[in-house]
Amino acid sequence: MTQDPPVPASSSPSDGQPPTGGGGGTAGAAEQTAKTEQTGKAERSGETGTAGMAGTAEQTGQGRGSGKKRRPRFHVTLPGCWGALVLACLSFTPSLLPRGGVLQGLICGISAAIGYGLGVVAAFVWRAFADRDARTPSRRSWLVLLVCAVVLFGLAFGLGQYWQHRIRQLMDVTDYSALATVACPFVAALVFYLLLTAGRGLRRLYHGAARLLGRWIGPRAARVVGWVLVVGAAWSVVSGLLLGGFVNAANEAFSVRDTQTPEGVHQPTSALRSGGPGSLVPWDSLGRQGRAFTGSGPTAQQIGGFTHRAAQDPVRAYAGLSTAEDTETRAERAVADLRRAGGFERENLLVTTTTGSGWVDPAAVDSFEYLGNGDTATVAMQYSYLPSWLSYLVDQSKAREAGRELFDAVYDVWSKLPQNERPRLFVAGESLGSFGGETAFSGEYDLRNRTAGTLFAGPPNFNTLFREFSDHRDAGSPEIEPVYKEGRTVRFTDDPATGITPADRAWDGTRVLYLMHPSDPIVWWSPALALSEPDWIGEAPGGDVLEEMVWMPFVTFWQVTADLPFSTGVPDGHGHTYKAAYVDGWNAVMRPEGFTAQDLDRLRDIVRPPQD
């Protein structure tokens, strides 16, 4: 979206001969006159120097009196087109999840626009070092580009479909749309055009601002200040007006949805649930996800049918955003209701931080309650109206505050109980919930000393403790399954049913377990992907990631970014979908007695939704 610099006015005499050193004042005067004319032309046109890539790399149109033909309304440069072609072809390489045609077209268009800009900038830099002006490409050069584009893009498109087919096979995904696949190149062309047009619009604003400022300040300062003003204004519009307005509108929309009750969920008749008889938290204040949490779950009869023992009805306490205005009061209200329902008198107590709009994965809590034979209590609270993927972007501070306040409120009551009367205290969280859950602890020792066990699933890449454990993993252990301090407290696994490394080391005392799939973009996405290769790509891939996935600057970043919204749209055991893994995860962390491998198989079928 940048343009080639204008060809500078010639400083040689009009007869085309170089000035001589013996001409005395005549030659010096001619040279000075030429320089003055050149400076005047540059100032009048407003097209001098550089203030950034976008304002200097692509050639501007000719003035009205130049006598040259005007450029077409939409024109492109040859180096830019080569860059666009290369990155567009590379965008078809495999990523973590299967991609439909429309999504692939979006990634292809973005990559092509980036490639175009890089191609233009590379050409400008090369001309600067070669000390030569831009030349008009020959018809033959355009023909070579056209032939290469047809061949290379067709080959990349075909390989892309082959790779996508293999990824769908790895994940047992059957959805495929031939129409969307055909639409891919057209979507890519449209996205490329829109991005290129937007970039050139910013360039025009820059030139206009530089010309206007040039009336009061020097030309170089005008160009720099003009570029800063245009970039700042564009950033303010995108981050403030557009993003802020979108977030506010989404917050309003989802706050309305939060007043609804999911189909099939009814107000509990048990005093063991928030929103039920005698509860300190009104049913209407729980929010949509809070009502789903307290109005569902296994009963004592269902749990006893699985364990073949006398079971209890689990305790579930919850506080919604409407329960209290601030986070601290909301946490205190949830813990007060937990205490009222007898949660601190159970054998197992779970503090879980929700994701986004207050959702708690039923598979996580149900597994905990079945393996605890119903002698359990779980407490959670809502901190946002927004869905998980949007909270992931804008509500991280709220998740951090909610996780810390809720655990501290529980721990304050728990720690004051006689040691022989305290329940075993566990912590859990999925996705952004794991981020919030981590914030209550300072590190490995804190987790070990203040909990009986922890289970985090799908931790985002920016999680503080997750990054600490992963970045300081033992030498030789891969990033997709790191070993930290020989696995003495913290361990990682893709599938706990198949084993948790290191298998040859004792795992005594408190157990902290992270569940993370090699194909989960939530775990691996990071802004650093744009310019640096992570270890997890350079190392041997996981079982559901193709070996052909390689890291490429910019391209890989946009591929994994596009995977984020669709991370839960794949079958259980892949992407960001954790269901059956909770059974074996809690079995490893809680260490309950009396359950066989066949019992765990039955429990996986119970907690896993039928559609999975």
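The values are calculated or read from the model by the stated rules, or taken from the named source; none is laboratory data. Here the structure is a predicted model, which means the values were calculated and not measured. Backbone-built Cβ (ideal geometry, glycine too); neighbour counts: all protein chains shown. Surface accessibility is based on the protein's heavy atoms, side chains included, excluding ligands, DNA and RNA. Shrake-Rupley method; radii C 1.70, N 1.55, O 1.52, S 1.80 Å.
What strands (runs of 3 or more DSSP E) completely inside region 398-505 contain at least 1 residues that are touching a Leu at 6+ places or on another chain (Cβ under 8 Å) and within 17 Å of VAL351 (Cβ to Cβ)?
Numbers: elements: 424-430, 453-457, 490-493.
So the answer is 424-430, 453-457.
Which of the residues that make up region 565-612 are of a type in the set (D, E, K, R) and either part of a helix (DSSP H, G or I) or under 19 Å from VAL360 (Cα atoms) (or both)?
The answer is ASP572, LYS579, ASP584, ASP599, ASP601, ARG602, ARG604, ASP605, ARG608, ASP612.
Results for (1) under 25 Å from GLY287 (Cα atoms); (2) polar (S, T, N, Q); (3) surrounded by 15 or more Cβ atoms within 10 Å (Cβ to Cβ); (4) modelled with pLDDT under 85, shown as yes or no for each residue.
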position: VAL187; (1), (2), (3), (4): no, no, yes, no
position: ARG203; (1), (2), (3), (4): no, no, yes, yes
position: LEU212; (1), (2), (3), (4): no, no, no, no
position: ARG223; (1), (2), (3), (4): no, no, yes, yes
position: GLY226; (1), (2), (3), (4): no, no, yes, yes
position: GLY232; (1), (2), (3), (4): no, no, no, yes
position: ARG257; (1), (2), (3), (4): yes, no, no, yes
position: GLN267; (1), (2), (3), (4): yes, yes, yes, no
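Please determine whether any residue of region 167-182 is open to solvent by 50 Å² or more (accessible area, probe 1.4 Å), charged (D, E, K, R) and not in a loop (DSSP other than H, G, I, E, B).
Filtering region 167-182 down to residues open to solvent by 50 Å² or more (accessible area, probe 1.4 Å) leaves 169-170, 172, 174-179, 182.
So of that shortlist, the ones also charged (D, E, K, R) come out as 172, 175.
With the extra rule that they be not in a loop (DSSP other than H, G, I, E, B), the set shrinks to none.
Among the residues of region 167-182, not one is open to solvent by 50 Å² or more (accessible area, probe 1.4 Å), charged (D, E, K, R) and not in a loop (DSSP other than H, G, I, E, B), which makes the answer no.
Which condition does ASP375 not pass, out of (1) under 30 Å from LEU603 (Cα atoms); (2) surrounded by fewer than 24 Cβ atoms within 10 Å (Cβ to Cβ); (3) of a type outside the set (Ser, Thr, Tyr); (4) without any contact (Cβ under 8 Å) to a residue 60 or more places away in the chain, if it passes all the others?
(4)
Within region 562-571, is there a residue that is free of Cβ contacts under 8 Å to residues at least 40 places away in the same chain and open to solvent by less than 60 Å² (accessible area, probe 1.4 Å)?
Within region 562-571 (the criterion being free of Cβ contacts under 8 Å to residues at least 40 places away in the same chain and open to solvent by less than 60 Å² (accessible area, probe 1.4 Å)), the answer is no, since none of the residues qualifies.
If you scan region 315-363, which residues turn out to be in a helix (DSSP H, G or I), within 20 Å of LYS416 (Cα to Cα) and among the charged types (D, E, K, R)?
GLU328, GLU332, ARG333, ASP337, ARG339, ARG340, GLU345
Just checking, does region 110-127 include any residue being out of contact with any Cys (no Cβ under 7 Å at 6 or more places or on another chain), surrounded by fewer than 19 Cβ atoms within 10 Å (Cβ to Cβ), assigned to a loop (DSSP other than H, G, I, E, B) and free of Cβ contacts under 8 Å to residues at least 12 places away in the same chain?
Checked against the condition, which is being out of contact with any Cys (no Cβ under 7 Å at 6 or more places or on another chain), surrounded by fewer than 19 Cβ atoms within 10 Å (Cβ to Cβ), assigned to a loop (DSSP other than H, G, I, E, B) and free of Cβ contacts under 8 Å to residues at least 12 places away in the same chain, region 110-127 yields no hits at all.
So which pairs qualify, if the first residue must be in region 173-194 and more than 22 Å from GLY117 (Cβ to Cβ) and touching a residue at least 60 places away in the same chain (Cβ under 8 Å), the second must be among the β-branched types (Val, Ile, Thr) and in a helix (DSSP H, G or I), the Cβ gap must be under 7 Å, and the two must be at least 6 apart or on different chains?
Sorted first by the residue in region 173-194, then by its partner, the pairs are ALA180/VAL102; ALA183/VAL102.
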